[in-house]
Structures are given as structure tokens and as C-alpha cells.
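Here's the structure, in C-alpha cells; my notes come after.
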Amino acid sequence: MGEQARSSRGARPPFVRHTGIAAPYMRRDVEVEFIAPLGPDLHILHTGPGMPEITPHTHDENTSPVGHAFEGFRYRTDGSENPDFILNREPYREASILLAGENFGIGTVQGFAVVRLLACGFRVVIAPSFGPVFHDDCIDYGLLPVTLPPRTVEGFAERATSRPRVPMTVDLERQVVERADMDPVPFGIDARLRNRLLLGSDEMELEERLEHSDAARRMRDADRLRRPWLYDDDPP
């Protein structure tokens, strides 16, 4: 399975690849307010000086630090589970990859939706398109947003429905989505955003790492000219 996530920016582990159960939730135009209904607990979490650690798969309202995502869909008005909602069924209760419809995460409530999804164990969201604020928050908090054509995502959803226990792997290093019952599917992502996720760095940390990397390379090249015999077995 994938690495544990933290909600605090810059304190998350690198995202290289993740394998898990994929849950098909193909509803279009899902607003962030539906993913994470506003409440006092979320207000404190988002505006407080420190954010708590997020533990994947805390599918228990008494133990989850921020409650469930999609509460308005997952529960009836009396508080009981809605058996028709996809994440209340097996094996999707343990899903860590979400297959979503177009315009997933539209709206401007920053951070709430991504934090809720991470708290429920999700590490990847695959959709044809995302709300721009939600997409940026995914990168900030370490949730990988993968954009693929609608028919491709629908094909994933069909497989996740017919063979739900077959795991899916999303490999950011190779930029490919894989399942045992399908050919690998490549995906694109901005190189800078990819590096941030692979390094587990925020934007400022990435700037510093790239700057130091360039400096180290220049020093190495200069030293190679001065002392070439030390680099005989080292490729340039």
C-alpha cells in the first residue's frame, strides 16, 4: 500500500507509487462542500497553528480526526449509513484510489476536501478534470490528482465495478496507471508538480533543493576537470 500521509504541508513523505483498491464515484461536478461539509472541527483544523497527523483508513467516526468525506451522501438524516453509497460497500470501504467524474472538487473552500479524503485513506484521485483550487490543494497536501480522458476513467470504473478486489497501482515516477487485467495507461503531469510530490517538498523546499543540486553539479564538473583520474569509472 502507499505511504502514510500528513496534513501539514512540507511534512509529508514522498509520493512515488501507490497500490490499492479503486472506488468508482463517477458523479460529475462534485463541489468541495459536498466532499467536506463545513463544521467547527474543520474550521479549527484548517486555521489552527498546527495540523494533526492523518492516519489512513480511519473509517470510524469516533477515531477519525476530521470525520468522513461525503458525509451528506454516506449517512442518512438519522445518522445511519446509506447502503447505496459506494464507500459504504465492500471492498470499497478500504479504497485508497478514487475514480471520479468530470469537474471533481469544484469550488473555493481551500484544503477542507483534500484533508477529508486523506483522512479516509485516499492517496490518489483519478478524474477527467478537477476544480483548480482543489487540484492545487492536492499537490500541497500530497494527494495525487491524475487527469485522464473521460472514456479512460470510465474504463477504470467499469473494471473496478466488475472486479473490485483487483488492486490498481499508480506510479508517479513512471507516470503510469496499472491493473493486472488491463494494459498500462500513461498519464501526464506538470514536471514541477511531479518533483514536489516525488520529493515530498513544498514549493520553497523544491526551489532550495534544485538550487543546491545545480551548485553541486557545477562543483563536480569543475573538480572533474582538475582531477579527472578520480572519475575514470564514473559516467559524466
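The values are calculated or read from the model by the stated rules, or taken from the named source; none is laboratory data. Given the structure is predicted, the values throughout are model-derived calculations rather than measurements. All Cβ positions, even for glycine, are placed from backbone atoms using ideal geometry, and neighbour counts span all protein chains on display. Calculation scope for accessible area: heavy atoms of the full protein, side chains included, ligands and nucleic acids excluded. Shrake-Rupley method; radii C 1.70, N 1.55, O 1.52, S 1.80 Å.
For the stretch 156-168, 3J(HN,Hα) computed residue by residue from phi via the Karplus equation (6.51, -1.76, 1.60; θ = phi - 60°) reads 4, 5, 4, 5, 5, 7, 6, 9, x, 8, 6, x, 10 Hz, glycine and proline entered as x.
What ³J(HN,Hα) values, in whole Hz, does the Karplus curve 6.51 cos²θ - 1.76 cosθ + 1.60 give for the stretch 111-126 when θ = phi - 60°, with x put for Gly and Pro? Once θ is set to phi - 60°, the couplings for the stretch 111-126 become x, 4, 5, 5, 4, 5, 5, 4, 5, 8, x, 7, 10, 9, 10, 10 Hz. Three semi-axes describe the equivalent ellipsoid of the stretch 149-196; taken as square roots of 5 times the Cα gyration tensor eigenvalues and ordered largest first, they are 23, 12, 8 Å.
What the phi angles of the stretch 135-152 give under the Karplus curve with 6.51, -1.76 and 1.60, with θ = phi - 60°, is a coupling list of 4, 5, 5, 4, 5, 4, 9, x, 9, 7, x, 10, 9, 9, x, x, 5, 5 Hz, glycine and proline written as x.
The heavy atoms of His135 offer some 50 square angstrom of accessible surface to a 1.4 angstrom probe.
Note on Phe15: accessible area approximately 0 square angstrom, rounded to 10, probe 1.4 Å, nucleic acids and ligands left out.
Size descriptors for the stretch 102-161, from the alpha-carbon set: Rg then Dmax equal 11.6, 32 Å.
With the whole protein complex present, Ile189 retains an accessible surface near 40 Å², based on a 1.4 Å probe. Around the amide H of Ala36, modelled in the peptide plane, lie the amide H atoms of Phe70, all under 5 Å away and 5 or more residues distant in sequence or on another chain. If a spin label sat at a point 7 angstrom from the Cα of Val166 along the line to its beta carbon, the backbone N atoms of the stretch 75-102 nearer than 18 Å would be those of 91-92, 95-100.
With N counted as the residues of the stretch 64-139, its alpha-carbon radius of gyration over 2.2 N^0.38 Å works out to 1.10. Amide H contacts for Tyr75 (H built 1.01 Å from N in the peptide plane; partners 5 or more residues away or on another chain; cut-off under 5 Å): Asn82. Amide H to amide H distances under 5 Å link Arg17 with Leu172, where only residues 5 or more positions off or on other chains count and H is placed in the peptide plane.
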